[in-house]
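Undergrad: Would you mind keeping the following structure in view while I ask a few things?
The values are calculated or read from the model by the stated rules, or taken from the named source; none is laboratory data. Given the structure is predicted, the values throughout are model-derived calculations rather than measurements. A quick note on method: Cβ atoms are made from the backbone with ideal geometry, for glycine too, and the neighbour counts reach across all protein chains shown.
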Amino acid sequence: MFNLVLKDLLVLKKNFLFGIVYILIMIVAFQQIGGSMLAASIVVFSYMMVQLACAYDEKNKADILLNSLPLNRSTIVIARYISTFIFTAISIVYYLLLSGLIKVLHLPLKVYPVSLEGILGALFALILVCGIYLPIFFKMGYIKSKLLNFVLFFGVFFGGAILLQELITNKDQSTLQRVVQFLNEQSTMQVAVEISAVMILLLFISFMFSLRNYKKREF
């Protein structure tokens, strides 16, 4: 499994060099959205790396090679999910480096600190997007799922932003108020544990669908 994750990292090493540029673009583009800048940077970078890893596997016919080796398909699927979280860790490091550089150089850009809330929000969004996409990828492959991926990413990314804005500006804010009240009644740790539990559940469901689809796929 370690070698499969390492494969993704080695294949994408050139793309990682440009990763810091992706994060910088996010910082510049999302100057007006406050703390969400961190979440947007993590989600966009990590999801792009997942897409590139899937694309390279398809291009190099990696699935045919891997399935000719004494590897369980579950190992291949798990490795792709682990790679996703490694991409997330890399994006956080890039964000920290850029934030520090911007402050040292006194550049006219707002940067927001890395926080538990920001990381959890990013992980939730990333698990939601990848949790839907990866089962489709393992069933259809990268090329056939490309259009669905496009719709999924922009639907979740912009649709989520529109929905959030609608909740905030809607005259009838009873639903939003109940959610805020519920969260305010709990400690930060309780909220973190609850969100983490939901993420683990979503991740498990996604993994099971991915594994089922991949086991049925023929190469």
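This table checks each residue for (1) modelled with pLDDT of 85 or more; (2) within 17 Å of the chain's Cα centre (by Cα); (3) crowded, with 18+ Cβ neighbours inside 10 Å; (4) at positive phi.
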| residue | (1), (2), (3), (4) |
| --- | --- |
| CYS130 | yes, yes, yes, no |
| TYR133 | yes, yes, yes, no |
| GLY160 | no, yes, no, no |
| GLU166 | no, no, no, no |
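Undergrad: Follow-up question, since we're still on this one. Since GLN32 meets every condition but one in (1) without any contact (Cβ under 8 Å) to a residue 40 or more places away in the chain; (2) part of a helix (DSSP H, G or I), which condition does it not meet?
TA: Evaluating GLN32 over (1) without any contact (Cβ under 8 Å) to a residue 40 or more places away in the chain; (2) part of a helix (DSSP H, G or I) leaves (2) as the failure.
Undergrad: If you check ILE78 against the conditions, is it modelled with pLDDT of 90 or more, assigned to a helix (DSSP H, G or I) and of a type outside the set (Gly, Ala, Ser)? First the steps, then the outcome.
TA: On the way: modelled with pLDDT of 90 or more: yes; assigned to a helix (DSSP H, G or I): yes; of a type outside the set (Gly, Ala, Ser): yes.
Here the answer is yes, as ILE78 does meet what is asked.
Undergrad: From the residues in the stretch 64-82 that are buried (at least 17 other Cβ atoms within 10 Å of the Cβ) and of a type in the set (Val, Ile, Thr), which one is farthest from the chain's Cα centre (by Cα)?
TA: In the first step, residues of the stretch 64-82 are kept if they are buried (at least 17 other Cβ atoms within 10 Å of the Cβ); the result is 66, 73, 76-81.
Now restrict to residues that are of a type in the set (Val, Ile, Thr): 76-78.
On the way: ILE76: 19, VAL77: 16, ILE78: 15 Å.
Across the stretch 64-82, the extreme among qualifying residues is ILE76.
Undergrad: Moving on. Is there a residue in the stretch 50-68 that is under 20 Å from LEU101 (Cα atoms), of a type in the set (Phe, Trp, Tyr) and in a helix (DSSP H, G or I)? If you could, list the steps in order and put the result at the bottom.
TA: Within the stretch 50-68, the subset under 20 Å from LEU101 (Cα atoms) is none.
Checking the stretch 50-68: not a single residue is under 20 Å from LEU101 (Cα atoms), of a type in the set (Phe, Trp, Tyr) and in a helix (DSSP H, G or I).
This table checks each residue for (1) among the charged types (D, E, K, R); (2) surrounded by fewer than 19 Cβ atoms within 10 Å (Cβ to Cβ); (3) assigned to a helix (DSSP H, G or I).
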residue: ILE92; (1), (2), (3): no, no, yes
residue: SER99; (1), (2), (3): no, no, yes
residue: LYS103; (1), (2), (3): yes, yes, yes
residue: ILE119; (1), (2), (3): no, yes, yes
residue: LEU123; (1), (2), (3): no, no, yes
residue: LYS139; (1), (2), (3): yes, yes, yes
residue: VAL151; (1), (2), (3): no, yes, yes
